[in-house]
Amino acid sequence: MNRYIRQITLPQVGLSGQQKLIKSKVLVIGAGGLGCAVLPYLAAAGIGKIGIIDGDRIEESNLHRQVLYSSEQLGYFKAKEAANSIIRNNPEVDILVFEEYLTPKNAPSIFKEFDLIIDATDNLFIRYVINDTCVELGKPFVYGSIHQFQGQVSVFNYQDGPSYRDIFPQENQSAPNCAEAGVLGTTVGLIGMLQANEAIKIILEIGDVLSGKLLIYDLLRNSQQVFEFGKVPKNKKTNISPSFEMIIAEEAVLKEGILLDVREMDELPEIQSENLLQIPLSILAQKQEDLDKEKEYLIFCQSGVRSLKAAQYLSEKGFQKLKLIRGGAKDLIQVTKNEKSIS
Amino acid sequence: MIQVKYFGIIAEAAKRDSEDIGEENVTLSKILSDLSSRHNLGEYNFQIAVNRKIVSNYSDQKLSNGDEIAFLPPFSGG
């Protein structure tokens, strides 16, 4: 216990608080910019069991903000390397590594192992999967996300409090991620730290938790504002639970199925492939007859929002062989580029 | 005077973080449709907060002098 003596000294923590931390089980989804801030502080504080799920590998363009990784680790799985890094600080923590992406399929069985979920992802589609799974299993989750120099933090589904769908019920819209919008390391670092702080408060049962409150932090102006919200009655919600298999771009180009691009015709990057079919979501209903129910469609867009809508629509029309491509056009362009350079 | 604050991608679309508008005793929905067409916000997803409280149903809410409206889009970077 000497390791934790400085935090045990706090009257709000004490020995009983430290026991709560040691008994707690926290899942961190995403070992990117936010995850790299959340993970070391949870481990150092003595969280008993930490799960890390991320199917990404370390890229050079990650290193300016994902400070758990080094130049020698390019190409390695983030989840494993993050685990190696935090275990050096605190070997007492039990770490579970999942070198895969979270999907609607694997989410329930993974979430069951943990009491608290931390959303450190950069993907709106996955956020709805996290939210809906947490609501179903009755687990709170700590949300954090950034846009350039601003960050949002909130705690959803905490003690029967509101969920992410109570603020943002619409799934059919997109929002840019870091690759598209740019980000400073300090911004994700600070927002991730606020997430870790909320997680520790929840476990210790101290202070005011950001449940029913959306904190917006503006790092350019050093201002923070809190917006309150409540639960929206169920009948007003559009509750669409996605349940399509997701595959990564590398896998998608190797399959025989048709790559279905549901973006508008002029959106970039332009994907070139012999197996490509482009039907913008806006005219999918008119063009649906051009599609063959016997064939497999691997659907993508920019952020994963429109591809989900398209899959839901086609599924209603009786199409069964539908998959979603994770990372969308951004990942596909990398893979199709590589293909060309090989040939 | 009503103060309007824009966050995230909405601030980029509106090319400003905030603005003051002179109208008083108007409904929230009227102001929203005016701002939405002035700044081309139609294609964006956002929630509206009035005086730091997110409103889920704003069809006939009236605004008065000193009120603050905020446009809150979902963020997705991480």
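The values are calculated or read from the model by the stated rules, or taken from the named source; none is laboratory data. Just so you know, these numbers come straight off a predicted model, no measurement behind them. Cβ atoms come from the backbone with ideal geometry, glycine included; neighbour counts cover every protein chain shown.
State whether one or more residues within the stretch A:78-100 are of a type in the set (Ser, Thr, Tyr), at pLDDT 95 or above and out of contact with any Leu (no Cβ under 8 Å at 6 or more places or on another chain).
No, the stretch A:78-100 contains no residue that is of a type in the set (Ser, Thr, Tyr), at pLDDT 95 or above and out of contact with any Leu (no Cβ under 8 Å at 6 or more places or on another chain).
So, in the stretch A:129-162, how many residues would count as being within 14 Å of chain B (Cβ to nearest Cβ) and out of contact with any Cys (no Cβ under 6 Å at 6 or more places or on another chain)?
Count: 19.
Residues B:Glu19, B:Glu24: which one is at pLDDT below 90, more than 14 Å from every other protein chain (Cβ to nearest Cβ) and surrounded by 13 or more Cβ atoms within 10 Å (Cβ to Cβ)?
After applying the criteria, what remains is B:Glu24.
For the stretch A:201-213, indicate whether the set of residues that are under 22 Å from B:Ile48 (Cα atoms), within 13 Å of chain B (Cβ to nearest Cβ) and outside any loop (DSSP other than H, G, I, E, B) is non-empty.
yes
Considering only residues of the stretch A:130-152 that are part of a helix (DSSP H, G or I) and among the charged types (D, E, K, R), which is surrounded by the fewest Cβ atoms within 10 Å (Cβ to Cβ)?
A:Glu136
Considering only residues that are farther than 21 Å from A:Asp115 by Cβ and free of Cβ contacts under 8 Å to residues at least 24 places away in the same chain, which ones fall in the stretch A:9-60?
Matches in the stretch A:9-60: A:Thr9, A:Leu10, A:Pro11, A:Arg57, A:Ile58, A:Glu59, A:Glu60.
Could you tell me how many of the residues in the stretch A:268-307 are more than 13 Å from A:Ile258 (Cα to Cα) and either within 14 Å of chain B (Cβ to nearest Cβ) or of a type in the set (D, E, K, R) (or both)?
Of the residues in the stretch A:268-307, 12 are more than 13 Å from A:Ile258 (Cα to Cα) and either within 14 Å of chain B (Cβ to nearest Cβ) or of a type in the set (D, E, K, R) (or both).
When you scan the stretch B:26-78 for strands (runs of 3 or more DSSP E) that lie fully inside it, which ones turn up with 2 or more residues that are without any contact (Cβ under 8 Å) to a residue 40 or more places away in the chain?
Output list reads B:47-50, B:53-55.
Mind checking whether some residue in the stretch A:107-129 is surrounded by fewer than 18 Cβ atoms within 10 Å (Cβ to Cβ) and among the aliphatic types (A, V, I, L, M)?
no
With the structure loaded, tell me whether A:Gln173 is surrounded by 14 or more Cβ atoms within 10 Å (Cβ to Cβ), at pLDDT below 85, in the same structural domain as A:Ile8 (by TED's automatic domain parsing) and not hydroxyl-bearing (Ser, Thr, Tyr) or whether it fails that test.
Judged against the criteria, A:Gln173 is a match.
In this structure, is A:Leu15 in contact with a strand residue (DSSP E or B) (Cβ under 8 Å, 6 or more places away or on another chain) and not small (Gly, Ala, Ser)?
Judged against the criteria, A:Leu15 is not a match.
Out of the strands (runs of 3 or more DSSP E) lying entirely within the stretch A:274-343, which hold 1 or more residues that are closer than 18 Å to A:Ile126 by Cα?
Those strands (runs of 3 or more DSSP E) span A:297-300, A:322-326.
Going by the structure shown, is A:Pro108 touching a Ser or Thr at 6+ places or on another chain (Cβ under 7 Å) and within 11 Å of chain B (Cβ to nearest Cβ)?
No, not satisfied.
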